[in-house]
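Heads up, the thing below is written out as structure tokens.
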């Protein structure tokens, strides 16, 4: 399959005093054309900084400390996003790779109308476009994301619109320049379920109509099930499991994934007791040298408390970082 | 003595909209519009709905954290809505509120001991040793050890903070609590722990609870009765199992069908909603849901349906969904 | 986000870390040392001063700086070094007392305005705005002109002028704290107003107030210097940096040291307080650190 993005051994660290603290550890991922890669994990697991690193938007003192991320642009040029000079990166952001964030309210500038903000996005990449063309393009994008009364919406300020509408507009702006890759960081977390459903369906459609690939970053396995073809489960700064979506939901291998799925499905059962993974989510950077889930795992024993399991293929295309499922157990 | 611990009758909470040079009131946001429900002792009653539906304001109005505009809140035979603030303050020993965000609802400068002894000092006149006994008993219930007494909130994880927050609410031994989205600020793997703790405490302490949430899965797990709210009003209320098995209100059905399924292959039958929730400052005439309802008729546009008993539950709809 | 909250919490609940943190910041350390130097000079003035500040010595008028007179002498032959050291006392005392007046009254006004909204707030803030509308030095001069010139009146004048800044700062932080969940929590637990104010609001609203006090000190010292320079502040023969500058005006060309040294000390003091205030604000504000 053709890959739009290939991340290999991406490492991100931060500075705490004079100490370098790893936040993301050797993450490798691939995003296929017109595919949606789901990244799921809890707070501090490294899912959002992965996205920021791809666009060179890591806030100080975070920095990429290793790895590569090869992106194939629409011109078929292949480039490493992590080492791209800032000038070239500006041509990538918003045009080749677009990003949408969790909070549409704060991602749009409150003092400009929607029209001004859409025109600005167009102007940056197409400075010679005429006013009429910009108008046409903006209106057609708003129609594409099912905004009712697009003319009226263009003249509105962000505060005059609802969260759902603003997130549609963010998607419209993101897709305006036909990006090859759309990175969505918790795009529906701030929205209500009925609106979430509309937005997710919209993104599923646009993937095909716009020939775009998507990276969907979320904490919600339900959102993953709705949108993704392939899933990577992040825990404490690295991937613990990676598989095609059906495989992951039907045959989860890692105790963490299993636990999450079990606790959500026990919600819908009749029991008065939920399945709960014990312990706390380890805060960023304070990670054990052995299996990072061992402290919360009911299967943890012997090697789990001394060694770090590798990400190995448990079934075809299904990778898992656990001694229970690696061939090394028998060896 | 009635069989109900709490009886909310025609509760209304409006917020004034100020505008113009003189900051005069130019309108009202109808946050809670004529809400009625009853709660039996030891029952968990859920208020579910999307943001802006008034579920949180309802919860706060019941406890007089916000003063309601009209209606009665009869708790244990007396109308709380009509009491002066000082008497309500004394009643707080018996009715408490659990907040959504444990990161912001604990005073960062107070340690666990101060946080848990403060409600006791406020409502009881206890000797020091007795307070220690009660605080330690409470710590035990939330799975803490006494050596954590002198730590500050920032030294705990989100889930642990929410445990402290729950302990602070329950240490005076209330009979009734309102829990406002108590797990939605927490990580997925932690939510289950806190829900288990809440159920455990609710049973051990014989608590009655109004549980407010937007998460339909959580509501199904925790409550025996549920009220689905939309734009300040109850659309449908009754036993949780019945409503989840067969919603009769078009809005409840749309809401339930929008919950993502955990099976990527089995896509649910969707009852998608058009448009967005209207502005509660300017609610539609008739049924508040009619602009987004596929079954809306002239009657719905003209006349607001009353909450009446149908299909073994209370329903506010002119055209309920038949079998 | 979690880590940010974590750091906010850590800063807020551990006061002892603050001094350490200030010391680690190079600017904070510089400000701290500068102020320590001024304070030491002021406290030990009688031991350090080499001459009587008021002693007129006609034979050594306008002497240039030398081993005998480190900073030279003025038109009356008085030792400028000694006068500057005693001037530090005046500056610090006037600064501290006037900021004390301003902070105390401002705090009460701010607390009342922030906690009890509505008419109380409007009335207090209206008064504050009126005071605020005057250029501060003009208002201080006006007050002294009415009350008469004396050290005490100078302090009262500077104090009154500074009330609005404190009232505003405190009101803003009280309002911010009041809107937090933990105040709603305190109310839901059933605490009385007094307990909420004392135990929950006051400690959490104190940080910006501390920063403001440091910055106001430099402002007050500068105002005193200006008033004395204009002749409406500290009266001769009491040594004040402002009045020394004022006297030096006439001799600027023949005895530049009369201007240079008091000016240098004013700058040193103001600068020290300002950078300490900035460092304090950074140390108390987690947003600037992450």
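The values are calculated or read from the model by the stated rules, or taken from the named source; none is laboratory data. What you see is a predicted model; the values in this text were computed from it and never measured. Positions of Cβ are generated from backbone atoms using ideal geometry, with glycine treated the same way; all protein chains shown enter the neighbour counts.
Listing for the model above:
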item: Answer residue from segment A:226-240, given it is in contact with a helix residue (DSSP H, G or I) (Cβ under 6 Å, 6 or more places away or on another chain) and not in a loop (DSSP other than H, G, I, E, B) and is nearest to the other protein chains (Cβ to nearest Cβ) among those; result: A:226
item: Residue that is outside any helix (DSSP H, G or I) and either modelled with pLDDT under 90 or over 30 Å from residue B:191 (Cα atoms) (or both), where the choices are B:291, B:280; result: B:280
item: Number of the exception - residue A:147 against (1) under 18 Å from residue B:277 (Cα atoms); (2) part of a helix (DSSP H, G or I); result: (2)
item: Boolean, residue B:49 is within 12 Å of another protein chain (Cβ to nearest Cβ), in contact with a strand residue (DSSP E or B) (Cβ under 9 Å, 6 or more places away or on another chain), within 21 Å of residue B:236 (Cα to Cα) and surrounded by 15 or more Cβ atoms within 10 Å (Cβ to Cβ); result: yes
item: Residue in segment C:230-242 that is part of a helix (DSSP H, G or I) and more than 30 Å from residue C:111 (Cα to Cα) present; result: yes
item: Residue tally, condition in a helix (DSSP H, G or I) and crowded, with 20+ Cβ neighbours inside 10 Å, over segment B:142-153; result: 1
item: Test set (1) within 22 Å of residue C:204 (Cβ to Cβ); (2) facing chain C (nearest Cβ under 9 Å); (3) surrounded by fewer than 21 Cβ atoms within 10 Å (Cβ to Cβ) - residue B:100 fails condition number; result: (3)
item: Within segment C:69-180, helices (runs of 4 or more DSSP H) holding 2 or more residues that are under 21 Å from residue C:273 (Cβ atoms); result: C:80-115, C:136-147, C:151-178
item: Matching entry among C:202, C:214, C:226, C:210 (being surrounded by fewer than 24 Cβ atoms within 10 Å (Cβ to Cβ), in a helix (DSSP H, G or I), within 14 Å of another protein chain (Cβ to nearest Cβ) and in contact with a helix residue (DSSP H, G or I) (Cβ under 9 Å, 6 or more places away or on another chain)); result: C:202
item: In segment A:256-290, residue nearest to residue B:264 (Cα to Cα) [restricted to those that are in contact with a strand residue (DSSP E or B) (Cβ under 7 Å, 6 or more places away or on another chain) and assigned to a loop (DSSP other than H, G, I, E, B)]; result: A:284
item: Selection from segment B:203-233 of residues that are within 12 Å of another protein chain (Cβ to nearest Cβ), closer than 16 Å to residue B:176 by Cβ and within 15 Å of the chain's Cα centre (by Cα); result: B:222, B:223, B:224
item: Segment C:187-197 - residue that is in a helix (DSSP H, G or I) and within 12 Å of chain B (Cβ to nearest Cβ) and, of those, surrounded by the fewest Cβ atoms within 10 Å (Cβ to Cβ); result: C:194
item: Residue B:106 being touching a helix residue (DSSP H, G or I) at 6+ places or on another chain (Cβ under 6 Å), within 8 Å of another protein chain (Cβ to nearest Cβ) and closer than 24 Å to residue C:201 by Cβ; result: yes
item: Candidates B:183, B:178 - the one that is in contact with a helix residue (DSSP H, G or I) (Cβ under 7 Å, 6 or more places away or on another chain), at pLDDT below 95, more than 9 Å from chain A (Cβ to nearest Cβ) and crowded, with 22+ Cβ neighbours inside 10 Å; result: B:183
item: Residue check for residue A:141: assigned to a helix (DSSP H, G or I), within 14 Å of chain B (Cβ to nearest Cβ) and either closer than 22 Å to residue A:74 by Cα or touching a residue at least 12 places away in the same chain (Cβ under 8 Å) (or both); result: no
item: Residues that are without any contact (Cβ under 8 Å) to a residue 40 or more places away in the chain and crowded, with 19+ Cβ neighbours inside 10 Å, drawn from segment B:278-291; result: B:286, B:287, B:290
item: Qualifying residue in segment B:305-323 (condition: out of contact with any helix residue (DSSP H, G or I) (no Cβ under 7 Å at 6 or more places or on another chain), within 20 Å of residue A:199 (Cβ to Cβ) and surrounded by fewer than 20 Cβ atoms within 10 Å (Cβ to Cβ)); result: no
item: Residue C:257 modelled with pLDDT of 85 or more and surrounded by 24 or more Cβ atoms within 10 Å (Cβ to Cβ); result: no
item: Qualifying residue in segment B:61-68 (condition: part of a loop (DSSP other than H, G, I, E, B) and out of contact with any helix residue (DSSP H, G or I) (no Cβ under 7 Å at 6 or more places or on another chain)); result: yes
item: Which listed residue, of A:171, A:239, A:195, is touching a residue at least 24 places away in the same chain (Cβ under 8 Å), in contact with a strand residue (DSSP E or B) (Cβ under 8 Å, 6 or more places away or on another chain) and over 20 Å from residue A:121 (Cβ atoms); result: A:239
item: Odd one out for residue C:184, checked against (1) within 30 Å of residue B:66 (Cα to Cα); (2) crowded, with 17+ Cβ neighbours inside 10 Å; (3) in contact with a helix residue (DSSP H, G or I) (Cβ under 8 Å, 6 or more places away or on another chain); result: (3)
item: Those residues of segment A:291-315 which are more than 14 Å from chain B (Cβ to nearest Cβ), part of a loop (DSSP other than H, G, I, E, B) and more than 21 Å from residue A:243 (Cβ to Cβ), in sequence order; result: A:300, A:301, A:306, A:307
item: Inter-residue pairs, beta-carbon under 8 Å, first in contact (Cβ under 8 Å) with a residue 40 or more places away in the chain and in segment C:116-140, second surrounded by fewer than 10 Cβ atoms within 10 Å (Cβ to Cβ), 6+ apart; result: none
item: Qualifying residue in segment B:16-26 (condition: in contact with a strand residue (DSSP E or B) (Cβ under 9 Å, 6 or more places away or on another chain) and under 22 Å from residue B:309 (Cβ atoms)); result: no
item: Residue in segment A:36-55 that is part of a strand (DSSP E or B) and under 17 Å from residue A:171 (Cα atoms) present; result: yes
item: Members of segment A:13-35 found to be assigned to a loop (DSSP other than H, G, I, E, B), in contact with a strand residue (DSSP E or B) (Cβ under 7 Å, 6 or more places away or on another chain) and either within 21 Å of residue A:282 (Cβ to Cβ) or within 14 Å of another protein chain (Cβ to nearest Cβ) (or both), listed by number; result: A:35
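Rundown of residues vs (1) without any contact (Cβ under 8 Å) to a residue 60 or more places away in the chain; (2) at the interface with chain B (Cβ under 7 Å from one of its Cβ atoms), yes/no style:
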position: A:253; (1), (2): no, no
position: A:272; (1), (2): yes, yes
position: A:278; (1), (2): yes, no
position: A:283; (1), (2): no, no
